[in-house]
1. Return V136, V240 ranked ascending by Cβ neighbour count within 10 Å, so the fewest neighbours appear first.
2. For region 1-59, place one equal point scatterer on every Cα, skip the solvent, and apply the Debye formula. What is log10 of I(q)/I(0) at q = 0.14, 0.20 Å⁻¹?
3. At 7 Å along the Cα-to-beta-carbon direction for both V90 and V110, put a label point, then send me their distance in nm to one decimal.
4. Taking only the alpha carbons of region 130-252, what extent do you get along each of the three principal axes, in Å, biggest first?
5. Taking C-beta distances below 4.7 angstrom as the pairing criterion, name the unpartnered cysteines of the chain, in sequence order.
6. Pulled fully out, how much extra length does the chain show between K57 and N17, if you take 0.36 nm times their separation in residues and subtract their Cα-Cα distance?
7. Over 20 Å between C-alpha atoms is what I'm after, so list which of K131/K251; K124/K173; K124/K253 land there.
8. Show that you can apply the helix-only estimate: for the chain, add -39,500 (n - 2.57) for every DSSP H stretch of four or more residues, divide by all residues, and state [θ] at 222 nm to the nearest 500.
Amino acid sequence: MEKRVLFIGETNSFIVNALKDGLKEPGFECLFCKLDVTDISRLTDKPEFFFIYVDEKTIQEKDALIYVRDICVEEERKIFLAGYSDELQVIEDMFPSECLGGRFERPINVKEIADALLYAVENKESLESRKHILLVDDSGTMLRTIKGWLEDKYRISMANSATSAIAFLAVNKPDLILLDYEMPVCSGPQMLEMIRSEIKTESVPVIFLTAKGDKESVAKVLSLKPQGYLLKSMPPFQIVESIDNFFASQKAKGL
């Protein structure tokens with residue numbers, strides 16, 4: 001896997017230059033851009049890993065930070081942060097935990113950061129060999145619970161709304177979507193209709209994982225041909241077993 005890291009923000013400070021020099025030895029290519037929506041949006045080939053050296057100015061750039069956060073969520077990038085503890089906490093609170101690759105308090109240890117980035121590269125290589133599942137549910141608690149059941153075997157991404165999921169699917173193609181039925185604004189069945197109507201996503205397998213077990217709800221989605229319909233009330237081991245069996249059947253079919 002590529003060893004590339006994007007430094008966002010101050011590019012000529014002593015600490016950033018020290019980090020750049022320290023990352024050369026393990027073979028990292030360092031790219032730089034300002035913490036600015038326009039500058040970041042111009043990058044067409046963004047690295048897997050972002051690094052922000054946090055200071056008082058950084059905290060004031062909320063629009064740019066939100067833009068970086070959205071990229072990390074939608075394109076599955078990892079962000080590494082360095083700075084003073086109180087300033088780091090402000091930035092950390094803006095990012096979902098799955099986007100945070102590491103935090104480093106001053107004084108900065110360059111080797112520690114290089115080791116963390118190397119570990120992230122190796123870990124991503126391992127994860128990418130696993131089947132990729134997108135969980136879609138408007139309950140954060142349920143997302144974290146299901147992720148806990150599956151993350152030992154599968155690479156997991158999460159979306160807390162159909163809108164976020166569709167944005168994710170614009171740049172990613174998971175091996176399976178586990179989809180909730182009842183969600184605000186856009187329901188699970190509506191989202192599945194959208195998935196089936198787009199050439200890019202029409203073949204992505206979808207299994208409902210929902211609390212709605214009545215015949216009417218199940219019948220409503222049969223015409224959309226989901227690959228399965230699981231109830232949240234099932235024991236967790238049965239849900240995991242059902243997903244294992246789905247992938248086993250896909251493998252047997254050569255898919």
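1. V240, V136
2. The Debye formula, applied to the Cα set alone, gives -0.38, -0.76.
3. Going by the 7 Å Cα→Cβ label model, 2.8 nm.
4. Principal extents (Cα only, largest first): 33, 31, 31 Å.
5. C30, C33, C186, each lacking another Cys Cβ under 4.7 Å.
6. Full-extension gain reported as 12.5 nm.
7. Those over the limit are K124/K253.
8. Counting only the DSSP helices, I get -13500 deg cm²/dmol.
Here, each number is a calculation from the coordinates, and none is a lab measurement. Computed from a predicted model, the values in this text were never measured in an experiment. Positions of Cβ are backbone-derived with ideal geometry, glycine not excepted, and every protein chain shown enters the neighbour counts.
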